[in-house]
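Readers should treat all values here as calculations from the given coordinates under stated rules, not as data from a laboratory. Bear in mind that the values here come from a model prediction, so they are computed numbers and not experimental data. Note: ideal-geometry Cβ built from the backbone for every residue, glycine included; neighbour counts use all protein chains shown.
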Amino acid sequence: MTRLLAGLVALFAAAALVRAQVGAPKVQPLSLEIRKPLPPGVSSELEAFRSQGTTIRLAISLPDKHIVDVEPGASKLAHFADDKGTDLTKVKKKSPFDGEDWLWPPHARISKDAKQCSVEANAPGVPAIAATKIKLKGDIVVLCGSDEKTLEAKDVVFDEKLNLIVGPFTVKKGKPLFGDEPSALFQSAQNKHITRVVLKPAQGKEINAEYRGGGRVTAFNKTEYSWMYSLDGAGERCTVRVTFFDKMEAVTVPVDLELGVGF
């Protein structure tokens with residue numbers, strides 16, 4: 001009996017360990033790019049413009065989460081250097097096109113199932129000629145959504161006067177990004193991350209609105225988030241149903257890599 005109990009305890013412990021490993025964050029390098037200054041006498045016309053520096057593109061996997069965004073401001077860099085002691089974050093003369101953040105959010109991508117994302121870690125410096133490895137260590141903060149909620153507004157007319165409050169969102173008729181097709185514009189001071197918008201015209205079937213783009217803009221220490229969805233098939237008057245994450249969790253993902261030419 002004692003052996004049986006000990007065996008069951010070991011089995012449950014092993015199963016718990018497997019579950020923890022499956023759900024644990026995973027970081028993998030996708031690419032390593034080193035952009036050295038052009039040699040003297042070489043025309044800049046021969047190279048697509050991008051300031052000198054070192055870039056590592058990373059894939060982050062969070063199997064138990066729904067990834068929404070990457071937070072560069074909350075992420076911390078411990079070191080970005082080569083194996084000869086060169087600090088790649090420090091250069092004598094910095095390009096005016098280099099940002100202050102070591103992570104570039106415009107280059108972040110999220111998989112369709114939102115379990116993975118990729119992001120670029122950047123430094124303005126390049127490794128020494130004799131260097132053979134690049135070392136990157138730090139913490140990347142990934143925003144993940146939870147507590148999904150759905151709100152509905154009926155008899156919505158998407159005209160120029162529309163300024164409708166639906167929960168944390170202000171809904172307006174958005175200007176078309178391309179062509180002349182208008183969009184439903186959702187704006188919020190909070191990153192609630194819309195996952196789905198459904199339109200139900202007065203006559204006809206429900207339509208899963210197509211996502212047309214969005215982003216965030218920060219000015220005067222205020223950030224506004226926006227999402228645009230197609231109004232195709234909505235008709236003159238419709239019911240709008242928006243599903244979003246009401247809570248955001250900041251997940252800290254540790255990064256500790258040492259890469260060679262072949263990784």
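Summarising the label geometry, the points placed 7 Å from Cα in the beta-carbon direction at R196 and S31 lie 3.4 nm from one another. Each peptide among 58-69, 141-152 gets the average number of other Cβ atoms lying within 10 Å of its residues, and from highest to lowest they stand as 58-69, 141-152. Backbone amide hydrogens, once placed in the peptide plane, bring K133 within less than 5 Å of D83, excluding anything fewer than 5 places away on its chain. Multiplying the residue separation of L46 and D83 by 0.36 nm and subtracting their alpha-carbon distance yields 10.3 nm. With only the Cα atoms considered, segment 146-248 has a convex hull volume of 101 Å³ per residue.
Looking at segment 139-198, the chymotrypsin sites (Phe, Trp or Tyr not before Pro) that sit in a DSSP loop and have at most 16 other Cβ atoms within 10 Å of their own Cβ are F178.
Contact order, relative form, for the chain: 19 percent (alpha carbon pairs under 8 Å, 6 or more residues apart, mean separation divided by residue count). In terms of overall dimensions, the C-alpha atoms belonging to the chain reach 80, 70, 32 Å along their principal axes, ordered largest to smallest.
For segment 17-89, applying the loop criterion from DSSP together with a ceiling of 13 other beta carbons within 10 Å to the GluC sites (Glu not before Pro) yields E47. Kirkwood analysis of the Cα pair distances in segment 41-160 returns a hydrodynamic radius of 17.3 Å. For segment 188-263, GluC sites (Glu not before Pro) are listed when DSSP marks them as loop and at most 14 other Cβ atoms sit within 10 Å of their Cβ; the list is E206, E210, E236. How high is the relative contact order of segment 146-248, given as a whole-number percent (alpha carbon pairs under 8 Å, six or more residues apart)? Taking the mean separation of contacting Cα pairs over the length of segment 146-248, I get 38 percent. Report, to the nearest 10°, how far helix 2-23 tilts away from the longest principal axis of the Cα atoms in the chain, using its own Cα long axis and a range of 0 to 90°. On a 0 to 90 degree scale, this one is about 80. From its DSSP helices (H runs of at least four residues, each -39,500 (n - 2.57)), the chain gives a residue-normalised ellipticity at 222 nm of -3000 deg cm²/dmol. Taking 0.36 nm per residue of separation and subtracting the current Cα-Cα distance, fully stretching the chain between V251 and D113 would add 47.9 nm. Backbone geometry of segment 151-156 corresponds, through the Karplus equation with coefficients 6.51, -1.76 and 1.60 at θ = phi - 60°, to 3J(HN,Hα) couplings of 10, 9, 10, 9, 6, 8 Hz, x marking Gly and Pro. With a Förster radius of 45 Å applied to the beta-carbon distance between A59 and Q203, the computed FRET efficiency rounds to 0.45. Modelled this way, with points 7 Å down the Cα-to-C-beta line, the labels at A153 and K175 are 2.0 nm from one another.
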